[in-house]
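Okay, so here's the structure we're looking at.
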Amino acid sequence: MSDNDTASPAYRVLARKYRPATFDDLIGQEAMVRTLTNAFETGRIAQGYMLTGVRGVGKTTTARILARGLNFERADGTGAPTVNLNEEGVHCRAIIEGRHVDVQEMDAASHTGIDSIREINDAARYKPMSARYKVFVIDEVHMLSNAAFNGLLKTLEEPPEHVKFIFATTEIRKVPVTVLSRCQRFDLRRIDLPMLSDHLKKISKLEDMQLDDDAALMIARAAEGSVRDGLSLLDQAIAHQGTSGTITPNLVASMLGLADRTRIYDLIENLFAGETEHALANFHALYQAGSDPASLLAELLEGVHLATKAKVAPDSIKTAGLPEAERKRAEELAQKLSLRALTRSWQLLLKGMQEIQSAALPKQALDMLLVRVAHASALPTPDELIATLQNNPPAATARTPAPRGTPLRPAPRMEMARTDARGTASPAKALSPSVETEETAQLHLRSFEDLIALCTEKKDIPLRVALERGVHLVRFEQGKIELRLNDAAPATLLRDLQKKLADWTGQRWLIAVSSEAGASTLAESREEKKREITEGVRAHPAVQAVLEQFPGAKIVDVRIRDTAPQPPSFEDEERD
């Protein structure tokens, strides 16, 4: 006896060993099976089928089962296209194993050109050798070239009666609509957690292994709805465990590098409580236990997501197939935290995912991200800040309404009321940038024009020009400005204005962007006033007489004589 005769058969991975052979074996695709059942019973069999879905949901397997159903035939020669394949026909075994002469499978990823399609077109002209239909299965059809797609169109639209096409793809958007319109499309959906978990437990029993319920859920979650991924992970877990025993959650977590879910929720609570030190300690313990920073951040995101779902849709989390302990922790978090806090932390963590993936030091990057999230948990939300300002408004003097128009020349030096350290109002006097006493720390602005004059006094010409050209004032009061920005406003205007007002006045200012139209910009008002004056001058009899004496002459500018010295306008400064 030779060594080959005594050798054990080659091992087949679970994904191949338990590959579905009938429509009954498929899980989670009931809508497609029902459609095909009705179509076969009524004889409404399409010429082409397009199967699409994520990896591992059974596209190629379904194509083979469909080809088997189309060519089902009993040994006595009877039979018709059917989805009831409990009985094995004469062609079934060869089709399932991918070796039937009339069922040709082609991988479009390695046969992308027009030559491969020419071979299909030539073969389609000949009748099948033994089966009812000649079936062409093209996997990853989106990989075909444009020429190949165009070469297939005519045969796909008007194929011979004995030809059927079955396409499979993970990128349905890359398939031309001219091909899609000639096929019946079936979207194979992801398998949900409970169904995939039950399937994994069923397979583990067939392999004489015990799979813990929570371990099954962990594998199903890692598979992300893919049956093939789930079976591959189960295969790995069985090898990791050995020939006997129970596959536990700890074993799966160790195998996949996943974090302990209990400690994940402890870490989330630390972050929302602002306990930075405890959060970092928890993270370092998880990291030492083998958790990858990117995987750990994904777990944090999932925990925040589940807590948010528990808050806005409590029933959905009860039917999500989660372990009882994890579901309770998510519900406890939802009761403790506000929706604003949850959504804000989600945005911070999601943005941090990109940083972790591209960081040269992922562990340190996640450290800094956790510090940022913990710090943000103590910050008030915008509405809370507004409510605080409304309940405790800053002391403000009587506001003078801002006029809609401004004179051609900027206003003279403004005079603003100040209060000393004792809160006693001091006489109004012109602001001097050289004054650096407690008086300047409590400066009060009565109007938007006061703000413009303050910019002039501080010699901050860029800010003044931005305010005059890019801001439509809506409301102005001490400590709060509402405005609308136009295209001329710099991107950093709000931030710069808020910081400089705080430095110049010694008070915190709330700068709010409003949806109201607001007043015209100061530059627009100045131009409008200039046009009014020019038109008034033009209507003067003496000016008209001069214009008549000098044909083609025009009024370029109008200057009003004033003996008082005036500060330069921003147009003059720009010319300088």
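Values as computed for the structure displayed
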quantity	calculated
Two-site label geometry, Leu206 and Ala109: point separation in nm, points 7 Å out along Cα→Cβ	2.5 nm
Under the Karplus curve 6.51 cos²θ - 1.76 cosθ + 1.60, θ = phi - 60°, whole-Hz ³J(HN,Hα) for the stretch 478-488, x wherever Gly or Pro sits	4, x, 8, 10, 10, 8, 10, 9, 10, 5, 7
Cβ-defined net charge surrounding Ile172, 15 Å radius [Lys, Arg +1; Asp, Glu -1]	+4
Accessible area of Asp213 in the full protein assembly, 1.4 Å probe (Å², nearest 10)	90 Å²
Distance between modelled label sites at Asp557 and Asn84, nm, 7 Å Cα→Cβ extension	9.8 nm
Over 21 Å between alpha carbons, listed pairs Lys201/Lys311; Lys17/Lys164; Lys127/Lys154; Lys459/Lys529; Lys17/Lys202	Lys201/Lys311; Lys17/Lys164; Lys459/Lys529
Two-site FRET efficiency, Val177 against Leu361, from Cβ-Cβ distance with R₀ of 41 Å, rounded to 0.05	0.30
Under-5 Å amide H pairs with Lys134, H placed in peptide plane, nonlocal only	Val163, Lys164
Net lengthening on full extension, Asn38/Asp24 (0.36 nm per residue, minus Cα-Cα)	3.5 nm
Under 5 Å, built H, 5+ apart or other chain: amide partners of Tyr49	Phe165, Ile166, Phe167, Gln184
Inter-centroid distance (Cα atoms) of the stretch 482-539 relative to the stretch 257-335, Å	47 Å
Computed label-point distance, nm, for sites Leu510 and Leu350 using a 7 Å Cα→Cβ extension	2.8 nm
With DNA, RNA and ligands ignored, accessible area of His240 (1.4 Å probe; Å², nearest 10)	100 Å²
Cβ-derived FRET efficiency at R0 45 Å, His240 paired with Arg99, nearest 0.05	0.85
Using a Förster distance of 30 Å, the FRET efficiency for Arg475-Lys530 (Cβ separation, nearest 0.05)	0.65
Per-residue ³J(HN,Hα) for the stretch 308-317, Karplus 6.51 cos²θ - 1.76 cosθ + 1.60, θ = phi - 60°, Hz, x for Gly and Pro	5, 5, 5, 7, 8, 9, x, 5, 5, 6
Length added when fully stretched, Glu275-His305, from 0.36 nm per residue minus Cα-Cα	8.7 nm
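The values are calculated or read from the model by the stated rules, or taken from the named source; none is laboratory data. Small disclaimer: the values here were computed from a predicted structure and weren't measured. Here Cβ is always computed from backbone atoms with ideal geometry, including for glycine, and neighbour counts include all displayed protein chains. Accessible surface areas use protein heavy atoms only, side chains included; no ligands, DNA or RNA. Shrake-Rupley method; radii C 1.70, N 1.55, O 1.52, S 1.80 Å.
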